[in-house]
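Q: The structure follows.
The values are calculated or read from the model by the stated rules, or taken from the named source; none is laboratory data. Owing to the predicted nature of the structure, the values given are computational and were not obtained by experimental measurement. Heads up, the Cβs are rebuilt from the backbone with ideal geometry, glycines too, and the neighbour counts pull from every protein chain shown.
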Amino acid sequence: MYQYQIGVMGSAADTSYSKEVEERAFEVGKLLAKRGHITVYGAEKDTDSLSTAAARGAKSEGGLTVGVTYGKGMDIFDRDITDVVVVSGMERGGGREFVLVNSTHAIIIISGGSGTLTETAIAYQMNIPVVALVGTGGWADKLADTYLDSRERLKVVPATTPEEAVESIEQLLTQYFNN
């Protein structure tokens, strides 16, 4: 099976997400690793995040993780879970997010603040499929089952469980890459 690079984007710890949402992100990472995919995430330098939780889940199953960080240097929040660090040299708010999203075949969004919104918009512009794990709050709930504009490129596909999110991503990738 082809190893897709699946991005997991979501809230940083300063948005005060719940332990249950963090556990759902961890489960997404586990499932991606179990299915042989590479987990790509926004490697933070100073705080935990739902993306980091997904990377921890992937590592718990022996999966490969790629963390894209901002600024300079390879110092990131949780280095022990990251196999490859990509240093964008750019700051948060567009530059790093562009590198992060363009390093994926598809993304799963979980909750999410302004960074997740930016990443989703970049994915939409680049025709990269997006699945939103609903019931997690933030932009995932707001964007699920919508198009980002009147072009109706790709709809943000809703998923209610981590299992459904990963299955939906695989279905989208099969459709997208087999056309």
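Q: Just to be sure I understand, how many residues within the stretch 152-179 are touching a Lys or Arg at 6+ places or on another chain (Cβ under 6 Å) and surrounded by fewer than 23 Cβ atoms within 10 Å (Cβ to Cβ)?
A: Total satisfying the criteria: 0.
Q: Looking only at the stretch 59-101, filter to residues that are of a type in the set (S, T, N, Q) and either touching a Phe, Trp or Tyr at 6+ places or on another chain (Cβ under 8 Å) or outside any loop (DSSP other than H, G, I, E, B) (or both); which one of those is nearest to Ala13 (Cα to Cα)? Talk me through it step by step, then tell me what you get.
A: Of the residues in the stretch 59-101, the ones of a type in the set (S, T, N, Q) are 60, 65, 69, 82, 88.
Pick out the ones that are also either touching a Phe, Trp or Tyr at 6+ places or on another chain (Cβ under 8 Å) or outside any loop (DSSP other than H, G, I, E, B) (or both) and you get 60, 65, 69, 88.
Details: Ser60: 21, Thr65: 20, Thr69: 16, Ser88: 21 Å.
Checked the stretch 59-101; the qualifying residue nearest to Ala13 (Cα to Cα) is Thr69.
Q: Given Arg24, Arg35, which one is surrounded by fewer than 20 Cβ atoms within 10 Å (Cβ to Cβ), modelled with pLDDT of 95 or more, in contact with a helix residue (DSSP H, G or I) (Cβ under 7 Å, 6 or more places away or on another chain) and under 19 Å from Ala159 (Cα atoms)?
A: Going through Arg24, Arg35 in turn, just one is surrounded by fewer than 20 Cβ atoms within 10 Å (Cβ to Cβ), modelled with pLDDT of 95 or more, in contact with a helix residue (DSSP H, G or I) (Cβ under 7 Å, 6 or more places away or on another chain) and under 19 Å from Ala159 (Cα atoms): Arg35.
Q: Scanning the stretch 115-137 for residues that are buried (at least 23 other Cβ atoms within 10 Å of the Cβ), part of a helix (DSSP H, G or I) and of a type in the set (Gly, Ala, Ser), which turns out modelled with the highest pLDDT?
A: The qualifying residue modelled with the highest pLDDT is Ala123.
Q: If you don't mind, another one. Filter the stretch 152-166 down to the residues that are in a helix (DSSP H, G or I) and either over 18 Å from Thr39 (Cβ atoms) or in contact with a strand residue (DSSP E or B) (Cβ under 8 Å, 6 or more places away or on another chain) (or both) and list them by number.
A: Once the filter is applied, which keeps residues that are in a helix (DSSP H, G or I) and either over 18 Å from Thr39 (Cβ atoms) or in contact with a strand residue (DSSP E or B) (Cβ under 8 Å, 6 or more places away or on another chain) (or both), the stretch 152-166 yields Pro162, Ala165, Val166.
Q: Is it the case that Tyr17 is buried (at least 17 other Cβ atoms within 10 Å of the Cβ), over 30 Å from Phe177 (Cα atoms) and touching a residue at least 60 places away in the same chain (Cβ under 8 Å)? Don't jump to the end; show me each part of the working.
A: Values: buried (at least 17 other Cβ atoms within 10 Å of the Cβ): yes; over 30 Å from Phe177 (Cα atoms): yes; touching a residue at least 60 places away in the same chain (Cβ under 8 Å): yes.
Against the criterion (buried (at least 17 other Cβ atoms within 10 Å of the Cβ), over 30 Å from Phe177 (Cα atoms) and touching a residue at least 60 places away in the same chain (Cβ under 8 Å)), Tyr17 qualifies.
Q: Another one. Looking for something aliphatic (A, V, I, L, M), under 23 Å from Phe26 (Cβ atoms) and surrounded by fewer than 17 Cβ atoms within 10 Å (Cβ to Cβ) - is there at least one such residue anywhere in the stretch 67-84?
A: Looking through the stretch 67-84, at least one residue is aliphatic (A, V, I, L, M), under 23 Å from Phe26 (Cβ atoms) and surrounded by fewer than 17 Cβ atoms within 10 Å (Cβ to Cβ).
Q: Identify the residue in the stretch 78-102 that is within 22 Å of Gly138 (Cβ to Cβ) and among the small types (Gly, Ala, Ser) and, among all such residues, is modelled with the lowest pLDDT.
A: That would be Gly94.
Q: In addition: Can you run down the residue pairs with Cβ atoms below 7 Å, 6 or more apart or on separate chains, where the first is in the stretch 81-103 and within 18 Å of Leu50 (Cβ to Cβ) and the partner is in a loop (DSSP other than H, G, I, E, B) and not basic (Lys, Arg)?
A: From the stretch 81-103, the pairs are Thr82/Ala43; Thr82/Ile76; Arg92/Tyr70; Arg96/Tyr70; Arg96/Ser88; Arg96/Met90; Val101/Met126; Val101/Ile128.
Q: Mind checking which residues of the stretch 120-160 are among the polar types (S, T, N, Q), under 26 Å from Glu23 (Cα atoms) and either in contact (Cβ under 8 Å) with a residue 12 or more places away in the chain or in contact with a Cys (Cβ under 6 Å, 6 or more places away or on another chain) (or both)?
A: Thr120, Thr136, Thr160
Q: If you don't mind, another one. For Val8, work out the one condition from (1) surrounded by 24 or more Cβ atoms within 10 Å (Cβ to Cβ); (2) among the β-branched types (Val, Ile, Thr); (3) in a loop (DSSP other than H, G, I, E, B) it doesn't fulfil.
A: Failed condition: (3).
Residue-by-condition table, conditions (1) under 16 Å from Ile108 (Cβ atoms); (2) touching a strand residue (DSSP E or B) at 6+ places or on another chain (Cβ under 6 Å):
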position: Arg24; (1), (2): yes, no
position: Leu31; (1), (2): yes, no
position: Val40; (1), (2): yes, yes
position: Val66; (1), (2): yes, yes
position: Tyr70; (1), (2): no, no
position: Asp75; (1), (2): no, no
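Q: Further question on the same structure: Does Asp149 meet the test of being assigned to a helix (DSSP H, G or I), among the charged types (D, E, K, R) and surrounded by fewer than 18 Cβ atoms within 10 Å (Cβ to Cβ)?
A: In short, no.
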